Amino acid sequence: MQLMSIFKPKFWDYEDVAAGPFKHLFNFRRIWKQTVFLTLAVTLSPLIFMAAIDYRVSREAIDTDIQLRTARLVSNTRRSVTFFLEERKSALSYVTHDNLLEDIMSHERLADILEHLKHSFGGFTDLGAIDERGIQKAYAGPYQLEGVDYSQEQWYREVLERGSFVSDVFLGVRQTPHFVIAIRCHCPTGLPYVLRATIDTDKFNDLFAGLDVAGHGDVFIINRRGILQTASHTYGAVLDPVPLPVPPFSERSEVIDTADLDLNPTVIGYAYIEDTPFILMICKNKRELMLPWKATQLEILMFLTVSVVAILLVILWGASFLVSRIHDADQKRVATLHQVEYSNKMASIGRLAAVVAHEINNPLAVINEKAGLIKDLFLLKESYAADEKLLGLLDSIIKSVERCGAITRRLLGFARHMGGPPSIQRIEIKDVIHEVLGLLGKEASYRAIEVSVDVPDNLPGIESDLGKIQQVLINLLNNAFAAVSDGGHITVKVRKLDEYLAVAVVDDGCGIPEADRKRIFEPFFSTKTTRGGTGLGLSITYGLIKDLGGEVQVESELGQGTTFTVTLPLVRKPEKGSDNACSVGG
Amino acid sequence: MRVLLVDDEIELVSTLAERLTLRGFQVDWFAAPLDALAAVRDNPYDVAVLDVKIPKMGGLELKKEMERLQPKLRFIFMTGHGSLEDFEAGVDEAGAGFYLVKPVNIEVLTEKIRQLSAEEGNHP
């Protein structure tokens, strides 16, 4: 089946006009459409439905997974940051407990302690001790800050009030980002003093550097006004404002789905860090996170597309194939119907011919005898016997009667073979050809068509149905007569090929165009419709030849002529289902 | 030589009888098979020329009846219906020697009658 015929099978535009309006059993287009749509519905719906469900479920699963992973990462990182700050607060607290107030308030000792802290914990830049009046009594670090009065500073009041304090990040005099941790202590007299340390934010960055965040993730800290406390590789440097809304307060780690300024879908996990102005933020590009899922979905989609196309092709092919088979069978049915009708018609013609021949035969016999008697009487009388004109007239009557007799005999012979059950007999093909040419001889002579017969003398007889062979030859010769112009040539050739006889009817007529050659054996295909052709002759001929177990071939060249070659078996083979054939034909 | 002609077509059989008479045969003709049988009962004939299809009694049946009456009688059949081959089969079955298809050629008929008589050796 060619590719196009899958989409548009040959029955699509086929209209069997000859079959008549009531002989169609099937609407092939409707059967085809029903088959295709029904099969497509039952095969494709589950496939597409499953694919859609998979899409939804897997998307929800990956969303949940992203949220959980982000929440876990936020919790872990928050714990690290909290631990970092608590560790430093504890270190300062340890210093106050391990040293006498006088030691803490002495510059040398404080410098020693700072060295130890730097060495043990890292991140400490300077260290200062401030008395209950807010005056920095001792200071160890890169600047000369002893004697500075912090009593009016907000952070100093806050640390006295709450016991500890962690500041926002600021650049300060050194222009490096850092922040302050301060804790409140009490001297033996009960008066409070404050130990204050500056912490380098590099330590924070070290903390985040070790994190492996999927989806081009960004980990940073902002304060509650949305200012970056650590550098972010997406949103800028330290102390830049973040172009994201400050997330609402929550005691727990939270994850939200949002979009950044470029409207990229973004997953943000955040956590407020207790007792500090810090909010830990982890931003992930959702598109990046979804990439593996999208790749899988693309594969599924491709598989789905290929499956749908394959199913579509198979269904179209299957439907076209099956409906074409039904169509072919139906065409055969219609053709058989035509043939039965034709056989009945021929049987009727045969009966009619027999009756006519018989009815004519009797008066003909009387004319024959009467004329014969007159001739006899004339011959007896001398006066008449010498009258050549009278005898000539009588001979003419007798000859005409003989001619009529020959015609009625031929008609009876024809009638005997029409429509009856097959009668197999031994046939000399040469005799049959001459007999048939006898019927057509008049037309040949009127039109000056030269008909020659080329039959070798030593041909064996064949076992076949004489009536059918006669019909085949009559039809083929009629065709040849129609094809040649007046004065044309027709040759009937017979050759023996192994177990077959090949009978060829060759004409030098108009020929058959190649496009028509494939269709000439179809019922009701005719190029002579305007001249009374029924289009049945060759299809019936084809059927008859098949009945005889033979084959027919046609060779033709436009303007050069046509050769029909009928191959007939010498011995008739028993045919399958011949009993049925007989009962149908009868 | 006596010849019996039987055919339901009077015009045909009478004319044929006359023509045979002209050719020297002694001819009786009948259109009804029963009349013909009666004649056979009373008179000896050499050859009977019968139509195959005679009303009331078929030609072949008539032949059997006549054979019963005159076993030496020989027969020629004439037919105006059916093909030669079909008829031939039927005649063979009945054991008849000759058959002719209408319209018959008088010379052929004469020849056949003479031939049959010669076989019997009754007449030259």
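The values are calculated or read from the model by the stated rules, or taken from the named source; none is laboratory data. Please read these numbers as outputs of a predicted model, since none were measured by experiment. Cβ placement follows ideal geometry from the backbone for every residue including glycine, while neighbour counts extend to all protein chains displayed.
Which is under 24 Å from A:Thr82 (Cα atoms), surrounded by 14 or more Cβ atoms within 10 Å (Cβ to Cβ) and out of contact with any Pro (no Cβ under 6 Å at 6 or more places or on another chain), of A:Glu146, A:Glu115, A:Glu158? That would be A:Glu158, the only listed residue that is under 24 Å from A:Thr82 (Cα atoms), surrounded by 14 or more Cβ atoms within 10 Å (Cβ to Cβ) and out of contact with any Pro (no Cβ under 6 Å at 6 or more places or on another chain).
The set of residues in the range A:366-398 being closer than 18 Å to B:Arg19 by Cα and out of contact with any helix residue (DSSP H, G or I) (no Cβ under 8 Å at 6 or more places or on another chain) consists of A:Lys381, A:Glu382. Among the residues making up the range A:232-289, those that are farther than 20 Å from A:Ile66 by Cα and outside any loop (DSSP other than H, G, I, E, B) are A:Ser232, A:Gly236, A:Pro241, A:Tyr272, A:Phe278, A:Ile279. Scanning the range A:342-364 for residues that are crowded, with 16+ Cβ neighbours inside 10 Å, within 13 Å of chain B (Cβ to nearest Cβ) and touching a residue at least 40 places away in the same chain (Cβ under 8 Å) gives A:Gly350, A:Ala353, A:Ala354, A:Ala357, A:His358, A:Ile360, A:Asn361, A:Leu364. Within the bounds of the range A:375-386, is there any residue that is outside any helix (DSSP H, G or I) and either at pLDDT below 80 or of a type outside the set (Val, Ile, Thr) (or both)? There is at least one residue in the range A:375-386 that is outside any helix (DSSP H, G or I) and either at pLDDT below 80 or of a type outside the set (Val, Ile, Thr) (or both).
Might you let me know whether the range B:17-31 holds any residue that is away from every other protein chain (no Cβ under 14 Å) and at pLDDT below 90? Scanning the range B:17-31 turns up no residue that is away from every other protein chain (no Cβ under 14 Å) and at pLDDT below 90. A count restricted to the range A:375-392 and to residues that are more than 13 Å from every other protein chain (Cβ to nearest Cβ) and basic (Lys, Arg) stands at 1. Hey, any hits in the range A:40-55 for a residue that's free of Cβ contacts under 8 Å to residues at least 24 places away in the same chain, closer than 30 Å to A:Lys8 by Cβ and among the aliphatic types (A, V, I, L, M)? Scanning the range A:40-55 turns up at least one residue that is free of Cβ contacts under 8 Å to residues at least 24 places away in the same chain, closer than 30 Å to A:Lys8 by Cβ and among the aliphatic types (A, V, I, L, M).
Test A:Ser120 against the criterion of being loosely packed, with under 13 Cβ neighbours inside 10 Å, in contact (Cβ under 8 Å) with a residue 24 or more places away in the chain and in contact with a helix residue (DSSP H, G or I) (Cβ under 9 Å, 6 or more places away or on another chain), and give yes or no.
yes
Considering the range A:365-374 alone, what residues qualify as being facing chain B (nearest Cβ under 9 Å) and either on the phi > 0 side of the Ramachandran plot or of a type outside the set (S, T, N, Q) (or both)? If the condition is that a residue be facing chain B (nearest Cβ under 9 Å) and either on the phi > 0 side of the Ramachandran plot or of a type outside the set (S, T, N, Q) (or both), then A:Ala365, A:Val366, A:Ile367, A:Glu369, A:Lys370, A:Gly372, A:Leu373 are the ones that fit. Out of B:Ala36, B:Ala17, B:Ala48, one residue alone is aliphatic (A, V, I, L, M), under 22 Å from B:Lys102 (Cβ atoms), in a strand (DSSP E or B) and in contact with a Phe, Trp or Tyr (Cβ under 6 Å, 6 or more places away or on another chain). It is B:Ala48.
Let's see how each residue does on (1) under 24 Å from A:Arg517 (Cβ atoms); (2) at pLDDT below 85:
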{"site": "A:Leu437", "(1), (2)": "no, no"}
{"site": "A:Ala444", "(1), (2)": "no, yes"}
{"site": "A:Ile449", "(1), (2)": "yes, no"}
{"site": "A:Ser452", "(1), (2)": "no, no"}
{"site": "A:Ile474", "(1), (2)": "yes, no"}
{"site": "A:Ala483", "(1), (2)": "yes, no"}
{"site": "A:Gly487", "(1), (2)": "no, no"}
{"site": "A:Ala504", "(1), (2)": "yes, no"}
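Within the range A:393-406, the residues that satisfy the criterion of being in contact (Cβ under 8 Å) with a residue 12 or more places away in the chain and either more than 11 Å from chain B (Cβ to nearest Cβ) or not in a helix (DSSP H, G or I) (or both) are A:Leu394, A:Asp395, A:Ile397. Within the range A:425-463, the residues that satisfy the criterion of being more than 22 Å from A:Gly488 (Cα to Cα) and not charged (D, E, K, R) are A:Gln425, A:Ile427, A:Ile429, A:Val432, A:Pro456, A:Asn458, A:Leu459, A:Pro460, A:Gly461, A:Ile462. Among the residues of the range A:59-79, is there at least one that is of a type in the set (A, V, I, L, M), modelled with pLDDT of 90 or more and within 27 Å of the chain's Cα centre (by Cα)? Among the residues of the range A:59-79, not one is of a type in the set (A, V, I, L, M), modelled with pLDDT of 90 or more and within 27 Å of the chain's Cα centre (by Cα), which makes the answer no. Tallying residues that are touching a residue at least 40 places away in the same chain (Cβ under 8 Å) and either acidic (Asp, Glu) or buried (at least 22 other Cβ atoms within 10 Å of the Cβ) (or both) within the range B:20-42 yields 1. B:Asp8 passes every criterion in (1) farther than 19 Å from B:Ile113 by Cα; (2) modelled with pLDDT of 85 or more; (3) assigned to a helix (DSSP H, G or I); (4) among the charged types (D, E, K, R) apart from (3). Whenever a residue of the range A:288-304 is surrounded by 13 or more Cβ atoms within 10 Å (Cβ to Cβ), its partners that are not in a helix (DSSP H, G or I), lying with C-beta atoms within less than 6 angstrom and at least six residues away or across chains, give the pairs A:Glu288/A:Gly215; A:Glu288/A:His216; A:Leu289/A:Gly215.
Conditions (1) among the β-branched types (Val, Ile, Thr); (2) free of Cβ contacts under 8 Å to residues at least 24 places away in the same chain, marked per residue:
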| site | (1), (2) |
| --- | --- |
| A:Tyr143 | no, no |
| A:Gly163 | no, yes |
| A:Val166 | yes, no |
| A:Gln175 | no, yes |
| A:His178 | no, no |
| A:Thr201 | yes, no |
| A:His233 | no, yes |
| A:Pro241 | no, yes |
| A:Glu254 | no, no |
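Taking the conditions (1) buried (at least 16 other Cβ atoms within 10 Å of the Cβ); (2) at pLDDT below 90; (3) within 14 Å of chain A (Cβ to nearest Cβ) in turn, B:Pro55 satisfies each one other than (1). Can we say A:Leu171 is in contact with a strand residue (DSSP E or B) (Cβ under 7 Å, 6 or more places away or on another chain) and either modelled with pLDDT of 90 or more or surrounded by fewer than 14 Cβ atoms within 10 Å (Cβ to Cβ) (or both)? So A:Leu171 does not fit the description; no.
Checking each residue in the range A:220-245 for being under 53 Å from the mean Cα position of the chain (by Cα), buried (at least 16 other Cβ atoms within 10 Å of the Cβ) and of a type outside the set (Ser, Thr, Tyr) picks out A:Phe220, A:Val242, A:Leu244.
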